[in-house]
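Bear in mind that the values in this text are calculations on the coordinates, not laboratory data. What you see is a predicted model; the values in this text were computed from it and never measured. In this analysis, Cβ positions are derived from the backbone assuming ideal geometry, glycine residues included, and neighbour counts consider all displayed protein chains.
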Amino acid sequence: MTDNARPVTRAWVIHPEIPSAGSERDPDLALEEAVSLAHALPEIEVVGAQVVRLRKPDAGKLFGKGKLEELRQAIEASETELVLVDGPVTPVQQRNLEKAWEVKVLDRTGLILEIFSDRAATREGVLQVEMAALSYQRTRLVRAWTHLERQRGGLGFVGGPGETQIEADRRAIDEQLVRLRGQLKKVVKTRALHRAARAKVPFPIVALVGYTNAGKSTLFNRLTGAEVMAKDMLFATLDPTMRRIKLPGGGPEVILSDTVGFISDLPTELVASFRATLEEVLAADLICHVRDISHPETEAQAQDVTTILNSLGVKDTTPQIEIWNKIDRLDDDARAATLTKAARLDHVQALSAITGQGIDDLVDAITEALADVTHVTELHLGFDAGRKRAWLFEKDLVEAEAQTEDGFDLTVRWSTRQEAQFRDL
């Protein structure tokens, strides 16, 4: 354990199962996901987890009197310091639960904020998280907002010096929000310059999206491998999960982007807050939706991803490939059935990012999907290349042209297919 290692927090995870909520998901699987979320923060040690079925949530304490006492005893016996409630908890419920159990209580939104804060890699991401956290805290008069002290990598909901008294100075929070918005404006201007530079790069953007733990990062690493161009300064200041690569097996050069994993019940205000963080998806020429096809609720997870993509404003015209990942986890019969079904469907590829099975077919599908995607290229043609220049104008591909001492400098927007035709002239 290093000197700057975070202290471990003992946590109890509760998934309230409320029939009236209209959820058709398996509560045990929901609890399993909530535990996985908790494990996403290295300082949390899960000491207990359970599904609590509620006929009707109590307005003041969420749980009824008997269940409240039963949980208190379990929390006390396990020396729990933090209770994670996998669902929404109102400020009143949070305050009452913390008084009843004498521990910190964090709901699903707060936990997701903590994780996003822990993983924020860019200045913009950090600012977006802090603003979302302040907006979340502004409605909660139950906690010292220790995340402003930055005593740990996260937001202070989990660790920090602990809650000694109620600090809810909304005016101070509003002043902090104003300051953060000012900082964010400066960062956004810089990001706009990066986007403008990227728009002129002659490589299409392929964005990997998917439910959390679908295997996006494993696939990202499989595709990039040793092909990562380490000295590409143009992208040196972008997110570390963007790579300019040449796809294996003779595929095209692309910018591959690995995005944050999506999750069910992600509050709409969080989606709005992280819209800029997911801008690579909005700018993508091709979206690869990675699914864990071995998960019992893969269909529901896929629907969650689709819902979030729609809320982000992803265009229906953006080509998509659906990737059924983790076929290595299926038994022989299920794997054979999945491969057969995928083969019959357009824009579906079944594979294993772990074993590499199906990767070559995916690269072929990406190459085909990008054949007609346009990109910008800066060209120089000598005076003797009149035929090529005429062809470019005939196809209406020239965006700008300037004459030089020895020819013409042209800015051309074309597809990979058109570029290949030009090179063959």
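Before moving on, here are some points about what is shown:
- Each other residue within a Cβ distance under 12 Å of Arg179 adds +1 if Lys or Arg and -1 if Asp or Glu, for a net charge of 0.
- Computed FRET value (nearest 0.05) for Thr411 with Lys65, which takes r as the C-beta separation and R₀ as 60 Å: 0.25
- Gain upon complete extension [Arg423, Lys315; 0.36 nm per residue less C-alpha separation]: 35.7 nm
- Karplus-derived 3J(HN,Hα) values for the stretch 54-69, using 6.51 cos²θ - 1.76 cosθ + 1.60 with θ = phi - 60°, are 10, 5, 8, x, 6, 4, x, 10, 6, 9, x, 4, x, 5, 4, 6 Hz; glycine and proline are entered as x.
- In Hz, Karplus ³J(HN,Hα) per residue of the stretch 379-385 (6.51, -1.76, 1.60; θ = phi - 60°; x = Gly, Pro): 10, 10, 10, x, 5, 7, 9
- Take 98-108, 41-51, 207-217 and order them by the average number of nearby Cβ atoms within 10 Å per residue, most first; the result is 207-217, 98-108, 41-51.
- Per DSSP, loop GluC sites (Glu not before Pro) in the stretch 379-425 with at most 10 further Cβ within 10 Å: Glu405
- Glu102/Val188 FRET efficiency (R0 56 Å; Cβ-Cβ; nearest 0.05): 0.85
- Equivalent ellipsoid semi-axes - Cα gyration tensor, the stretch 9-115, angstrom: 19, 17, 13
- Amide H within-cut-off set for Ile321, under 5 Å, with H built and near neighbours excluded: Ile287, Cys288, His289
- Amide H to amide H distances under 5 Å link Glu17 with Val52, Arg53, Leu54, where only residues 5 or more positions off or on other chains count and H is placed in the peptide plane.
- Efficiency of FRET between Thr307 and Asp384 - r from beta-carbon atoms, R0 45 angstrom, step 0.05: 0.20
- Cα-Cα pairs of the stretch 313-401 separated by more than 16 Å (percent): 67 percent
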